[in-house]
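The values are calculated or read from the model by the stated rules, or taken from the named source; none is laboratory data. Here the structure is a predicted model, which means the values were calculated and not measured. We place every Cβ from the backbone using ideal geometry, glycine too, and count neighbours over all the protein chains shown. Each accessible area value is taken on the protein alone, full model and side chains, heavy atoms only, with ligands, DNA and RNA left out. Shrake-Rupley method; radii C 1.70, N 1.55, O 1.52, S 1.80 Å.
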Amino acid sequence: MGLEIIIFFGAILFGIFVYWTESKGNGLYRFFNKMFNSKELQMKVGNKKGFIYKQDLLPRVLFVAFTFLIVALIIQFLTPIAIFSSYYGISAFASAIFGTLIGTYVANFVLKSGEVIEEQSDSIEDVVKDGFNKGKEFLEDLTHNDAKVVQEAKKEIKEDFKAPEKSARERLKDKGLM
(Lines give C-alpha, C1' and ligand atoms only; values in the text may rest on other atoms or scores of the structure.)
Protein backbone atom coordinates (compact mmCIF):
# COMPACT_ATOMS: atom_id res chain seq x y z
CA MET A 1 0.00 0.00 0.00
CA GLY A 2 2.87 2.40 0.71
CA LEU A 3 4.42 1.95 -2.73
CA GLU A 4 1.06 2.57 -4.41
CA ILE A 5 0.64 5.86 -2.56
CA ILE A 6 4.13 6.94 -3.57
CA ILE A 7 3.40 5.98 -7.19
CA PHE A 8 0.08 7.83 -7.04
CA PHE A 9 1.58 11.09 -5.76
CA GLY A 10 4.50 10.79 -8.16
CA ALA A 11 2.00 10.33 -10.99
CA ILE A 12 0.12 13.45 -9.89
CA LEU A 13 3.36 15.43 -10.08
CA PHE A 14 4.12 13.83 -13.44
CA GLY A 15 0.65 14.85 -14.72
CA ILE A 16 1.21 18.42 -13.57
CA PHE A 17 4.59 18.45 -15.31
CA VAL A 18 3.20 17.03 -18.56
CA TYR A 19 0.29 19.47 -18.65
CA TRP A 20 2.54 22.44 -17.90
CA THR A 21 5.05 21.36 -20.55
CA GLU A 22 2.34 21.01 -23.18
CA SER A 23 0.87 24.39 -22.27
CA LYS A 24 4.21 26.00 -23.13
CA GLY A 25 4.61 24.29 -26.51
CA ASN A 26 3.04 21.45 -28.46
CA GLY A 27 5.71 20.52 -31.00
CA LEU A 28 5.27 16.75 -30.67
CA TYR A 29 1.51 16.97 -31.17
CA ARG A 30 2.02 19.23 -34.22
CA PHE A 31 4.51 16.72 -35.67
CA PHE A 32 2.03 13.85 -35.38
CA ASN A 33 -0.77 16.08 -36.64
CA LYS A 34 1.24 16.90 -39.80
CA MET A 35 2.18 13.27 -40.25
CA PHE A 36 -1.32 11.79 -39.98
CA ASN A 37 -3.58 14.53 -41.41
CA SER A 38 -3.88 16.09 -44.84
CA LYS A 39 -3.26 19.80 -45.35
CA GLU A 40 -6.98 20.63 -45.01
CA LEU A 41 -7.31 18.78 -41.70
CA GLN A 42 -4.09 19.96 -40.06
CA MET A 43 -4.35 22.26 -37.08
CA LYS A 44 -3.99 26.00 -37.46
CA VAL A 45 -0.79 27.83 -36.54
CA GLY A 46 -2.24 29.56 -33.46
CA ASN A 47 -3.84 26.41 -32.04
CA LYS A 48 -2.25 25.39 -28.72
CA LYS A 49 -3.99 22.02 -28.42
CA GLY A 50 -1.81 19.09 -27.38
CA PHE A 51 -2.13 15.46 -26.34
CA ILE A 52 -3.35 16.52 -22.91
CA TYR A 53 -3.53 20.31 -23.00
CA LYS A 54 -6.99 21.57 -24.07
CA GLN A 55 -8.29 18.04 -24.65
CA ASP A 56 -11.59 16.57 -23.52
CA LEU A 57 -11.74 13.78 -20.94
CA LEU A 58 -11.88 10.80 -23.30
CA PRO A 59 -8.89 11.70 -25.54
CA ARG A 60 -6.90 12.61 -22.45
CA VAL A 61 -7.68 9.27 -20.76
CA LEU A 62 -6.88 7.35 -23.94
CA PHE A 63 -3.55 9.09 -24.45
CA VAL A 64 -2.43 8.64 -20.84
CA ALA A 65 -3.56 5.01 -20.66
CA PHE A 66 -2.00 4.16 -24.03
CA THR A 67 1.29 5.83 -23.08
CA PHE A 68 1.48 4.00 -19.77
CA LEU A 69 0.55 0.73 -21.51
CA ILE A 70 3.40 1.11 -24.00
CA VAL A 71 5.87 1.92 -21.20
CA ALA A 72 4.61 -1.01 -19.10
CA LEU A 73 4.91 -3.42 -22.03
CA ILE A 74 8.46 -2.26 -22.72
CA ILE A 75 9.34 -2.75 -19.05
CA GLN A 76 7.55 -6.14 -18.98
CA PHE A 77 9.42 -7.59 -21.96
CA LEU A 78 12.85 -5.95 -21.71
CA THR A 79 13.44 -6.21 -17.97
CA PRO A 80 12.85 -8.93 -15.40
CA ILE A 81 10.14 -6.78 -13.75
CA ALA A 82 6.74 -8.41 -14.27
CA ILE A 83 4.15 -5.65 -14.12
CA PHE A 84 1.08 -7.54 -15.37
CA SER A 85 1.68 -10.81 -13.54
CA SER A 86 0.51 -9.75 -10.09
CA TYR A 87 -2.17 -7.73 -8.41
CA TYR A 88 0.39 -5.22 -7.11
CA GLY A 89 1.75 -4.49 -10.57
CA ILE A 90 -1.70 -3.92 -12.05
CA SER A 91 -2.70 -1.80 -9.05
CA ALA A 92 0.42 0.35 -9.42
CA PHE A 93 -0.29 0.64 -13.16
CA ALA A 94 -3.85 1.85 -12.49
CA SER A 95 -2.64 4.23 -9.76
CA ALA A 96 -0.14 5.76 -12.16
CA ILE A 97 -2.80 6.35 -14.83
CA PHE A 98 -5.34 7.76 -12.39
CA GLY A 99 -2.75 9.95 -10.64
CA THR A 100 -1.54 11.36 -13.94
CA LEU A 101 -5.08 12.27 -14.94
CA ILE A 102 -5.69 13.96 -11.59
CA GLY A 103 -2.41 15.84 -11.99
CA THR A 104 -3.47 17.16 -15.39
CA TYR A 105 -6.71 18.48 -13.97
CA VAL A 106 -4.93 20.05 -10.97
CA ALA A 107 -2.53 21.79 -13.36
CA ASN A 108 -5.47 22.90 -15.50
CA PHE A 109 -7.14 24.41 -12.44
CA VAL A 110 -3.96 26.21 -11.36
CA LEU A 111 -3.26 27.63 -14.83
CA LYS A 112 -6.88 28.72 -15.37
CA SER A 113 -7.09 30.37 -11.96
CA GLY A 114 -3.82 32.20 -12.67
CA GLU A 115 -5.25 33.50 -15.95
CA VAL A 116 -8.47 34.62 -14.25
CA ILE A 117 -6.52 36.41 -11.51
CA GLU A 118 -4.40 38.19 -14.12
CA GLU A 119 -7.52 39.26 -16.03
CA GLN A 120 -9.36 40.41 -12.91
CA SER A 121 -6.38 42.07 -11.21
CA ASP A 122 -7.23 45.51 -12.62
CA SER A 123 -10.87 45.30 -11.57
CA ILE A 124 -9.91 44.00 -8.12
CA GLU A 125 -7.51 46.89 -7.73
CA ASP A 126 -10.27 49.35 -8.69
CA VAL A 127 -12.68 47.76 -6.21
CA VAL A 128 -10.12 48.03 -3.41
CA LYS A 129 -9.37 51.67 -4.27
CA ASP A 130 -13.08 52.53 -4.37
CA GLY A 131 -13.63 50.82 -1.02
CA PHE A 132 -10.67 52.67 0.47
CA ASN A 133 -11.95 56.02 -0.81
CA LYS A 134 -15.48 55.38 0.48
CA GLY A 135 -14.08 54.42 3.87
CA LYS A 136 -12.03 57.59 3.94
CA GLU A 137 -15.12 59.70 3.11
CA PHE A 138 -17.14 57.92 5.81
CA LEU A 139 -14.47 58.66 8.41
CA GLU A 140 -14.36 62.30 7.33
CA ASP A 141 -18.14 62.53 7.71
CA LEU A 142 -17.93 61.06 11.20
CA THR A 143 -15.19 63.41 12.35
CA HIS A 144 -16.62 66.51 10.64
CA ASN A 145 -18.40 68.73 13.24
CA ASP A 146 -20.66 70.65 10.86
CA ALA A 147 -22.62 67.67 9.62
CA LYS A 148 -26.31 68.50 9.15
CA VAL A 149 -27.49 65.29 10.73
CA VAL A 150 -25.51 65.97 13.89
CA GLN A 151 -26.88 69.51 14.17
CA GLU A 152 -30.46 68.31 13.71
CA ALA A 153 -29.98 65.58 16.29
CA LYS A 154 -28.70 68.15 18.81
CA LYS A 155 -31.76 70.36 18.23
CA GLU A 156 -34.12 67.43 18.76
CA ILE A 157 -32.38 66.52 21.98
CA LYS A 158 -32.72 70.09 23.30
CA GLU A 159 -36.42 70.24 22.37
CA ASP A 160 -37.24 66.90 23.93
CA PHE A 161 -35.41 67.72 27.15
CA LYS A 162 -37.83 68.35 30.00
CA ALA A 163 -37.10 69.82 33.38
CA PRO A 164 -36.55 67.13 35.95
CA GLU A 165 -39.66 66.43 37.97
CA LYS A 166 -39.66 65.95 41.69
CA SER A 167 -39.49 62.45 42.96
CA ALA A 168 -42.42 60.87 44.80
CA ARG A 169 -40.61 61.22 48.11
CA GLU A 170 -40.10 64.97 47.61
CA ARG A 171 -43.79 65.45 46.70
CA LEU A 172 -44.88 63.63 49.84
CA LYS A 173 -42.55 65.84 51.93
CA ASP A 174 -44.03 68.93 50.32
CA LYS A 175 -47.52 67.82 51.34
CA GLY A 176 -46.31 67.15 54.84
CA LEU A 177 -47.17 63.51 54.76
CA MET A 178 -43.66 62.46 55.41
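Structure shown: which of Lys134/Lys155; Lys54/Lys112; Lys24/Lys129; Lys34/Lys54 lie over 23 Å apart, alpha-carbon to alpha-carbon? Beyond 23 Å: Lys134/Lys155; Lys24/Lys129. Which parts of the range 1-18 would a label at Ile102 reach, counting a residue when its backbone N lies under 14 Å from a point 7 Å out along Cα-to-Cβ? Taking a point 7 Å out along Cα→Cβ of Ile102, the residues of the range 1-18 whose backbone N falls under 14 Å are 2-16. You can think of it this way: the chain between Leu111 and Leu13 has 33.8 nm of extra reach, that is 0.36 nm per residue less the Cα-Cα gap. Relative to the current alpha-carbon distance between Ser91 and Ile70, full extension at 0.36 nm per residue lengthens the span by 5.9 nm.
Rg ratio for the range 52-106: its Cα radius of gyration over 2.2 N^0.38 Å, N being its residue count, equals 1.22. For the peptides 76-88, 8-20, the ranking by packing is 8-20, 76-88, with the highest mean count of neighbouring Cβ atoms within 10 Å listed first. Our estimate of slack between Lys166 and Trp20, defined as 0.36 nm per intervening residue step minus the Cα-Cα distance, is 44.1 nm. Electrostatic tally near Ala168: other residues with Cβ closer than 12 Å to its Cβ, Lys and Arg +1, Asp and Glu -1, net +2. Each label was represented as a point 7 Å from its Cα along the Cα-to-Cβ direction; for Leu177 and Lys155 these points are 4.3 nm apart.
Of the whole protein surface, Val71 contributes about 70 Å² of accessible area at a 1.4 Å probe radius. Note on Ala82 and Phe138: the model spin-label points, each 7 Å out from Cα along the C-beta direction, lie 7.3 nm apart.
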